[in-house]
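What follows is one structure encoded as structure tokens, with my remarks underneath.
The values are calculated or read from the model by the stated rules, or taken from the named source; none is laboratory data. These figures come from a predicted structure and were not determined experimentally. All Cβ positions, even for glycine, are placed from backbone atoms using ideal geometry, and neighbour counts span all protein chains on display. Note: accessible area is taken over every heavy atom of the protein model, side chains too, but ligands, DNA and RNA are not part of it. Shrake-Rupley method; radii C 1.70, N 1.55, O 1.52, S 1.80 Å.
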Amino acid sequence: MRPDLFEHPDYYLLDELLTDEHKLVRDATRDWVKRDVSPIIEEYAQNAEFPQQIVKGLAEIGAFGPYIPSEYGGAGLDQISYGLMMQEIERGDSGVRSTCSVQSSLVMYPIYAYGNEEQRMKYLPKLASGEWLGSFGLTEPNFGSNPGGMVTNFKDMGDHYLLNGAKMWISNAPFCHVAVVWAKNEEGRIHGLIVERGMEGFTTPETHNKWSLRASATGELVFDNVKVPKENLLPNKSGLGAPLGCLDSARFGIAWGAIGAAMDCYDTALRYSKERIQFDKPIGAFQLQQKKLAEMITEITKAQLLTFRLGQLKNEGRATTAQISMAKRNNVDMALTIARDARQMLGGMGITGDYPIMRHMMNLESVVTYEGTHDIHLLITGMDVTGIPAFK
Amino acid sequence: MKILVCISHVPDTTAKINFTAGGAALDPNGVQFVINPYDEFGLTKALHLKEKHGGQVTVITFGDATVEATLRKALAIGADDAVRLDGVPTDPMQVAGELAAYAKDQGFDLIICGQESIDYNGGIVPGALAALMNLPFVNACIGLEVDGSNAQLLREIDGGKEQISAALPIVIGGKKGLVEESELRIPNMRGIMTARTKPLAVTPLSGSAALTAASGFTKPAAKAAVQLIDSSNLDELVRRLHEEAKVI
């Protein structure tokens, strides 16, 4: 891939709304992405290989649990800092950002929020340091948008739980050391269990032949009579609201991350439009190309404002699930549209690995589907404004 | 070992530079500021020395409150404390005078400056600081190790290197080679969090006078467009190089 010359657009001078610390968080993450992600990511994506060395780097920069308190190994930063980190990491690659989102919001967050002190002290420092990689098991082969229908279950065997079932489309699964798994007890109530690699009957087959998130490892979590110690049950929250609470945190990060992917596509297309000469002038001089660029920067700016306000609300503990849904849905769709337009602007070069656009576009096809599909988020907004659920 | 690292807050090399005040001052609007790259090599070397020998790394800069972001970054990278000389610098002798006034009673073993700053590229401050403090000075320093109360230094000279020994305390003007680019540190989130509570002292100026004043700046003329001449038309290329460019 070409040298990473990225400069972020800031059309509405949003940097003035950020603190010096926010900007330092963002710039440090960007420096790390330019140094350690951009030079290698295309090759790993082309080879459909997970760059395992990135786990250590993500841990060193502090991308695992940046908002988790420092006594558990996190950095104790605010939600806008977390969002800016996700923006910068996804600017590099959605797959790398997915690894972070899962570790931070779907593994560390539930252990921090729903776990007891022993569980926090046992797992969080190792997850923050990257010594352990985690995964999150909610989606099943027959229960995607309807997770409440899950069939994965556990039985109380007296001195342990016996876990059976299977989870699918699980980021980090092939390499995870621990998995936060959502399963029903004998009364049909959903609980979170921490399953560790090495427990008998627990396997993590890899999902191959993806055209998206190729630099991220995806797999299944299969539980065949797995004996889970009773102390591995997350005690402080149960019911479908527990995993959905984790998804709120992850979707918040995705809303920011998608802006990063969109910015990279826009920046690449803008640069290209000034360099590529057709009919004796740069293609950026033509109205149809300017229309694309003008729409891109407009949509990026709107998305930035949406997430900044959402970050303020999240810092105050006031961001609702529906507000997060709106931002995730809007921003991912925005990024996907920009990726497609940017790809067209680069013509044939847009489909090559010399530029990041096609990789972003393919990645975003997963991002628009996972953590609540584009359509489901629309229904969440619909339910929120009408008070009537349209899911069934 | 007490180490002082002098840091300049300078525009990023990719920043688009404009002037204000009738062309007499830099317009900071829209400019991204960074730690002067020469100083960053020095800061990283100071952290290496601290990790090897123990001690304290203090960073100092001269500027108004806007430069504190640069000091916080230095703290996030690993400096222990920071000092901001509270004012707006206008002249290198003023900067050297203020730095000397601050440092003279602090007992620093080593004062590391960048060889020059990439904004005005004067290269005066490190030498002037050493002179005002009556300390030995090594410029263009590309190697530095400390052995007890002595420093072993490498200075870049035309076509080679000079090995130098000097007793501490000493002032150096450093550059790449003190550490390599790959050794420069990106602040991590824990460092950024820790930097919140590290001391950043704001110190009033001692009154060192500026000896010069910039009255105006002129930007270089924009580069003309590149003209491509087809490789089958070498005669035309030679003619243009001879008659228009007048280089052959």
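Values for this structure:
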item	result
Given (1) within 30 Å of A:ASP93 (Cβ to Cβ); (2) of a type outside the set (A, V, I, L, M, F, W, C); (3) assigned to a loop (DSSP other than H, G, I, E, B), number of the condition A:PRO235 does not satisfy	(1)
Only one of A:ILE388, A:ILE300, A:ILE324 that is more than 16 Å from A:ILE254 (Cα to Cα) and at pLDDT 95 or above	A:ILE388
Candidate set: the range B:50-62, residues that are under 18 Å from B:ALA76 (Cβ atoms) and crowded, with 18+ Cβ neighbours inside 10 Å; chosen: the one farthest from the chain's Cα centre (by Cα)	B:LYS50
Residues (open to solvent by 30 Å² or more (accessible area, probe 1.4 Å) and in a loop (DSSP other than H, G, I, E, B)) located in the range A:238-256	A:SER238, A:LEU240
Count of the range A:265-305 residues which are among the β-branched types (Val, Ile, Thr) and either out of contact with any Pro (no Cβ under 7 Å at 6 or more places or on another chain) or outside the structural domain of A:ALA327 (by TED's automatic domain parsing) (or both)	4
Residues (part of a loop (DSSP other than H, G, I, E, B) and in contact with a His (Cβ under 8 Å, 6 or more places away or on another chain)) located in the range A:143-200	A:ASN185, A:ARG197
Any hit, the range B:51-62, residues being part of a helix (DSSP H, G or I), hydroxyl-bearing (Ser, Thr, Tyr) and touching a helix residue (DSSP H, G or I) at 6+ places or on another chain (Cβ under 7 Å)	no
Residue match in the range A:127-138 (condition: part of a helix (DSSP H, G or I) and in contact with a helix residue (DSSP H, G or I) (Cβ under 6 Å, 6 or more places away or on another chain))	yes
Residue match in the range B:208-215 (condition: in contact with a helix residue (DSSP H, G or I) (Cβ under 8 Å, 6 or more places away or on another chain), away from every other protein chain (no Cβ under 14 Å) and surrounded by 15 or more Cβ atoms within 10 Å (Cβ to Cβ))	yes
Every pair of residues 6+ apart whose Cβ atoms lie under 8 Å, when the first sits in the range A:142-161 and is in the same structural domain as A:GLY192 (by TED's automatic domain parsing) and farther than 14 Å from A:ASN232 by Cα while the second is among the charged types (D, E, K, R) and surrounded by fewer than 12 Cβ atoms within 10 Å (Cβ to Cβ)	A:ASN153/A:GLU186
Wholly within the range B:96-206, strands (runs of 3 or more DSSP E) carrying at least 2 residues that are surrounded by fewer than 16 Cβ atoms within 10 Å (Cβ to Cβ)	B:137-147, B:150-157, B:160-167, B:200-204
The range A:257-279, residues that are of a type in the set (A, V, I, L, M, F, W, C) and open to solvent by less than 10 Å² (accessible area, probe 1.4 Å)	A:ALA258, A:ILE259, A:ALA261, A:ALA262, A:MET263, A:CYS265, A:ALA269
Any hit, the range A:2-22, residues being at the interface with chain B (Cβ under 9 Å from one of its Cβ atoms) and basic (Lys, Arg)	no
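For (1) more than 9 Å from every other protein chain (Cβ to nearest Cβ); (2) over 19 Å from A:PHE175 (Cα atoms), each residue gets a yes or a no:
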| site | (1), (2) |
| --- | --- |
| A:LEU58 | yes, no |
| A:PHE64 | yes, no |
| A:LEU77 | no, yes |
| A:TYR82 | yes, yes |
| A:GLN87 | yes, yes |
| A:ARG91 | yes, yes |
| A:GLY95 | yes, no |
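Listed here are the residues, each with its yes/no results for (1) among the acidic types (Asp, Glu); (2) crowded, with 20+ Cβ neighbours inside 10 Å.
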residue: A:ASN116; (1), (2): no, no
residue: A:LEU138; (1), (2): no, yes
residue: A:ASN142; (1), (2): no, no
residue: A:PRO147; (1), (2): no, no
residue: A:MET150; (1), (2): no, yes
residue: A:ASP156; (1), (2): yes, no
